[in-house]
Every structure is written in structure tokens, then in C-alpha cells.
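Bear in mind these aren't lab numbers, they're just calculated from the coordinates by the rules spelled out. Keep in mind that what you see is a predicted model, and the values were worked out from it rather than measured. Cβ atoms come from the backbone with ideal geometry, glycine included; neighbour counts cover every protein chain shown.
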Amino acid sequence: MHRRRFLSAGLAAAAAAVAASPSRASNAAKFQLKYAPHPGMFKEHAGEDVLDQIQFAADQGFTAWEDNSANQRPVEEQKAIGKKLERLGMTMGVFVSYGKGRFAEFDFVTKTDKAYQETLKAEMREAVEASKRLNAKWTTVVPGAVNQKLDPGYQTGNCITNLKAMCEVCEPAGLVMVLEPLNWYTNHPGLFLRGVPQGYGICKGVGSPSCKILDDLYHQQIDIGNLIPNMEMAWDEIGYIQIGDNPGRKEPTTGEINYRNVFRWIHRKGYQGVLGMEHGNSKPGKAGEQAVIAAYREVDSF
């Protein structure tokens, strides 16, 4: 009898200790949409290890994860991330396969020769192998800069031609390239792809399930605005969504975008994909990380 009382008291104390731990506090309520934190967003609570950060995100109710540089990680780490997400029932978001560090290049809208397209296909083959290890479905593609010496019509045609070649690799593997329009005014002046309407036209030209739009709402608010109507018109070509408030590119509720309304609309559309949390934290430290979680709880309440 005394032994049972002792064990009960010990279990109660252990449970209280876990509940009191800020780095492992569990929030069982899952978010309604698949918001995806990224490496470093919760490191003050979870530490530097990416697997611990994924676990912390899951404990807070997040059901997806995003890592732009995932395909640059060691192969064994990619496998570990994929297995961790699978065990937790989480969805892997995008990783960048073409565009990062190449924003100034305009080869993509200029060259269509066989040798150039073979380099693109080779990069997609690497992306396919990384996607298998990560259990990832989407990969980001940014078609580089505008060529000021070539008519925009030719650039669009060249872009479509190259994307069709890349789809030859992606389609059989079920990997979806998502083209990200980036704003000219604050972050990426001079890029070829800058708006959802333009991306819509390109995806229609490619005509492949492996070529869709990544609608980053932060970038689109800056460059063209009209967020919900543009999503409505381009919906059948939008494969992925990213988030960031404006100004500042921080969590929802810190800027001008009414994310509760936006997320309500997305939810009513029956969207089952990922919404990448492509933003920084507005405050430093653990308090800032808790503010991010609280902001998503607020805007997810619809």
C-alpha cells in the first residue's frame, strides 16, 4: 500500500516537472492549417539540434516543417529529418533546389540549349533524391533575373521551355516545383518572376502537375497586393503558400495583413497543403518564440 502511494506520488511529481519545463511544454491542440516553422525559429526553447526543434514545434501543435536549405544538409541528417517528421505525422514543406544564390543570373530566361537544360535536369535529379530522404513533395524554383536586352515575351517563352525540361525529371518522381514570385521593392529588385498573375501564365504554359506557384503572401502584399482575389483567380495553379507580415517580415499580427481573414479563406477553400512560416520573430529570446506561437493561435481561431 505504501509502495503504491510512493509510486503515485513519484509519477505525479514527474508529470508536474514535465509540464513546468518551458522547452518541452506540450500543447496538444493541433492548428487547423499546416503552418510550418523553420530551423532556428524555436532554438531558444529547443536548442540547436534541428530534430529537437522539430519535436518542440510538434509539441506546440504545428503539423508541418519547412527548411529551405534541407537539400544542402548531410545525407544522414536528411534521412533523420524525414524519419522524425514521419514519426510525428508532420508534413515536410519546401526546400530550395534552384535559385538560391543565383538571383542575379538571367540564364534561365535566356538560354534554352541542350547543354544548359542538362544542367537543370541534373539539379532536379539531385532534388528528387533529397526529396525521397526528406519525404518532401515541393521544391522552390526561382527563375533568376530579368534580361534587359531581351523582350519579355521571349524571356517568358524561354522560362516555360526550361521548366518543361525540368518537369521531365520531376513528374515521374511526383516532385512539384513551386515557382516563387519575389517583390522588387524591398528584397529582390530586378528578378524575372515577381507576381502571382505572371506565375499563373507561366504555369499554364508549362501545363504540368510538377510546376505550380509558391504564393508568398509577404512578397505579394508588397509587389501587387490584392491577396485573396489573386489567390482566387490563380487557385488551380497555387501549390504552396508562405507567410510573413508587412512591413518587417515578422509573424502575423505585427503588420498590415489581416491574416485571420486570409487563413479563414484558405481554410474554406479546403487547402490541405503547407503554409511556410517564412519570416523572422519580432522579439528576441524565448519570449519572442512564445509570441510567434501566440500569434498563430490568434489568427488560427476562425
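Observations
- Amide H to amide H, with H built 1.01 Å from N, GLY276 comes under 5 Å of ALA36, ILE241, GLN242, ILE243, counting only residues 5 or more places away or on other chains.
- Extension gain, ARG297-GLN148: 0.36 nm per intervening residue step, less the Cα-Cα distance, totals 49.1 nm.
- Computed magnitude of the charge dipole of the chain (debye, nearest 20; Cβ of K, R +1, Cβ of D, E -1): 1080
- Taking the fewest neighbouring Cβ atoms within 10 Å as the starting point, the ordered list for ASP236, ASP107 is ASP236, ASP107.
- Stretching the chain fully between LYS286 and GLU105 yields a gain of 61.3 nm (0.36 nm per residue, less the alpha carbon separation).
- Annotation: amide H of SER97 within the under-5 Å range of THR140, sequence separation 5 or more or interchain, hydrogens built in the peptide plane.
- 29 Å Cα-Cα reach of LYS250 towards lysines, excluding residues that sit fewer than 8 places from it in its own chain: LYS30, LYS34, LYS43, LYS84, LYS100, LYS137, LYS212, LYS269, LYS283, LYS286
- Whole-number percent relative contact order across the stretch 31-299, with pairs defined as alpha carbons under 8 Å at least 6 apart: 18
- Cβ-derived FRET efficiency at R0 30 Å, HIS267 paired with SER69, nearest 0.05: 0.55
- Extending 7 Å from the Cα toward the beta-carbon at both LYS83 and THR186 defines two label points whose distance is 4.0 nm.
- Fully extending the segment from GLU168 to ASP113 would add 18.2 nm, taking 0.36 nm per residue of separation and subtracting the current Cα-Cα distance.
- Estimated FRET transfer efficiency (GLU76, LYS30; beta-carbon r; R0 30 Å; 0.05): 0.55
- Ellipticity estimate at 222 nm from DSSP helix runs (n ≥ 4, -39,500 (n - 2.57)) divided over the chain, nearest 500: -14500 deg cm²/dmol
- Whether the chain is rounded, prolate or oblate, judged on the alpha carbon gyration tensor where a/c under 1.5 counts as rounded: prolate
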